[in-house]
1. Going by what's in this entry, would A:TYR148 be described as open to solvent by less than 40 Å² (accessible area, probe 1.4 Å), closer than 30 Å to B:ILE66 by Cα and among the hydroxyl-bearing types (Ser, Thr, Tyr)?
2. How many residues does segment B:4-18 hold that are facing chain A (nearest Cβ under 10 Å), touching an Asp or Glu at 6+ places or on another chain (Cβ under 8 Å) and either open to solvent by 10 Å² or more (accessible area, probe 1.4 Å) or near ligand 1 (Cβ under 7 Å from one of its atoms) (or both)?
3. Return yes when B:ASP103 is buried (at least 23 other Cβ atoms within 10 Å of the Cβ), over 17 Å from B:ALA182 (Cα atoms), touching a residue at least 40 places away in the same chain (Cβ under 8 Å) and not small (Gly, Ala, Ser) and no when it is not.
4. Consider only pairs whose beta carbons are under 7 Å apart and that are at least six residues apart or on different chains; among these, list those whose first residue lies in segment B:167-189 and is polar (S, T, N, Q) and whose second residue is open to solvent by 10 Å² or more (accessible area, probe 1.4 Å).
5. If A:THR53 meets every condition in (1) open to solvent by less than 50 Å² (accessible area, probe 1.4 Å); (2) at pLDDT below 90; (3) farther than 26 Å from B:GLN89 by Cβ apart from one, which number is that one?
6. Restricting to segment B:19-40, name every residue that is near ligand 1 (Cβ under 6 Å from one of its atoms) and either under 12 Å from the mean Cα position of the chain (by Cα) or aromatic (Phe, Trp, Tyr) (or both).
7. For segment B:77-88, indicate whether the set of residues that are hydroxyl-bearing (Ser, Thr, Tyr), assigned to a helix (DSSP H, G or I), modelled with pLDDT of 85 or more and within 28 Å of B:VAL11 (Cβ to Cβ) is non-empty.
8. From the list B:ASN140, B:ASN158, exactly one residue is at pLDDT 95 or above, in contact with a strand residue (DSSP E or B) (Cβ under 7 Å, 6 or more places away or on another chain) and within 16 Å of ligand 1 (Cβ to nearest atom). Which is it?
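The values are calculated or read from the model by the stated rules, or taken from the named source; none is laboratory data. Quick caveat: nothing in here was measured; it's all calculated off a predicted structure. When we count neighbours, we look across all protein chains shown, and the Cβ atoms used for this are built from the backbone with ideal geometry, even at glycine. All accessible areas refer to the heavy atoms of the entire protein, side chains included, with ligands and DNA or RNA removed. Shrake-Rupley method; radii C 1.70, N 1.55, O 1.52, S 1.80 Å.
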Amino acid sequence: MSGQPNGNSVILSEKSYQEINTYLGDLLQKSRASLCVFADMNGYPVSYKTTRTALNVDTLTALAVNDFSATAEIAKILGETQRFRYLYHEGIKQNLYLCNIGNHYLLIVIFGPHVNLGMIRMLSQHVAGKLDALLNRIRDEKDKVAKYMDVEFRTLLGQELDKAFGLKN
Amino acid sequence: MHIDHQKNEIVFKIVYYGPGLSGKTTNLEYVHSQLDPGLCGDLISLKTSEGRTLFFDFLHLELGRIQGKKPRFHLYTTAGQARYAASRQVVLQGTDSLVFVVDSQRGRLADNFASLKELQNRLTQNGVAITQLPWLIQYNKRDLPMAEDVAVLERKLNIWEVPYIEAIAVTGRGVFLTLRKAIELIIKK
Ligand SMILES: Nc1nc2c(ncn2[C@@H]2O[C@H](COP(=O)(O)OP(=O)(O)O)[C@@H](O)[C@H]2O)c(=O)[nH]1
Ligand SMILES: [Mg+2]
């Protein structure tokens, strides 16, 4: 849901997902990046494409979103009226590029030293524009949560939690 | 929460809030130490050189599939210290359920109260009323001799009459009950 900073549920239709995945896949391939994540500012990876295995995308996303949000506070202190448009962290073997999408979403790109930053920037900007347009088009459908978590699911989830947490047998 | 139809997953965000040193990080450390590594990612702690939480801690949990759907949980703690207020605002965004960790010691009553007030303000700034959010109180450090009676804490702090759980996070007492309750509040909503 694009217009709501504290929205409790972010639910996209299958079609929107497919569209996002196409953009991310395209970006990954053209840029030769190793990971592209489309994340929301609540810290969730909405979708991602990667050539790497054994990468904890959840944790990486939570940290990247908070990194980005911290610098948004710096922008405020500096008197910027908007968030920084992008952030770049350069390492020896890995680089990280974060690109703001409409203030409520973030594009995270990881790439190696053989990839040119200008290229990443250009391609990311292009995809960010497409994603932004998509987000402005879709509307959140709240009743989908109720459908996804029906009564049986809720009951079973409670039982599984008790088992995992050692609370009941 | 976040639903991913492609992977058939649902993700919930749970935040531990409260004054500095009330035991928020200890709660996550205990959860992390007890759960099967298959269910639980690394505990990420962004700490200052003095070991206090800077920004937040983060722990990722997941269960096996239920009706084909995979439930996952993002657990965050906030930095208690006053100077990290901006970071707390960010962590609070999109919270599905919140645990307010109270330091039960008599001398910390004012700190608990100030933190609760701050929570209320921050939620308001994010456009959420505290009465809309599923949340509970954990009265922690029940082992300490200076711990105030729960009845007194209830009267002074819990004006919303949200559920509460007594805990000794260092030994793990009440830690999983608290997390279980926080999730239950979401799924009962
Ligand atoms: N006695 C006692 N100490 C606790 C308990 N829970 C946490 N502590 C201690 O309180 C201190 C602060 O805990 P921490 O989890 O870092 O607090 P945070 O600032 O809320 O994250 C640590 O030294 C903990 O070991 C408890 O239930 N009883
Ligand atoms: Mg801490």
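1. Details: open to solvent by less than 40 Å² (accessible area, probe 1.4 Å): yes; closer than 30 Å to B:ILE66 by Cα: yes; among the hydroxyl-bearing types (Ser, Thr, Tyr): yes.
Considered against the rule, which asks whether it is open to solvent by less than 40 Å² (accessible area, probe 1.4 Å), closer than 30 Å to B:ILE66 by Cα and among the hydroxyl-bearing types (Ser, Thr, Tyr), A:TYR148 comes out as yes.
2. The qualifying residues number 2.
3. Details: buried (at least 23 other Cβ atoms within 10 Å of the Cβ): yes; over 17 Å from B:ALA182 (Cα atoms): yes; touching a residue at least 40 places away in the same chain (Cβ under 8 Å): yes; not small (Gly, Ala, Ser): yes.
Here the answer is yes, as B:ASP103 does meet what is asked.
4. B:THR178/B:ILE165
5. (1)
6. If we filter segment B:19-40 for residues that are near ligand 1 (Cβ under 6 Å from one of its atoms), which is where we start, we get B:20-26.
Within segment B:19-40, B:SER22, B:GLY23, B:LYS24, B:THR25, B:THR26 meet the criteria.
7. The initial filter retains those residues of segment B:77-88 that are hydroxyl-bearing (Ser, Thr, Tyr), namely B:77-78, B:84, B:87.
Remaining after also requiring assigned to a helix (DSSP H, G or I): B:84, B:87.
Subset that is modelled with pLDDT of 85 or more: none.
Looking through segment B:77-88, none of the residues is hydroxyl-bearing (Ser, Thr, Tyr), assigned to a helix (DSSP H, G or I), modelled with pLDDT of 85 or more and within 28 Å of B:VAL11 (Cβ to Cβ).
8. Details: B:ASN158 fails: within 16 Å of ligand 1 (Cβ to nearest atom).
Answer to the check: B:ASN140.
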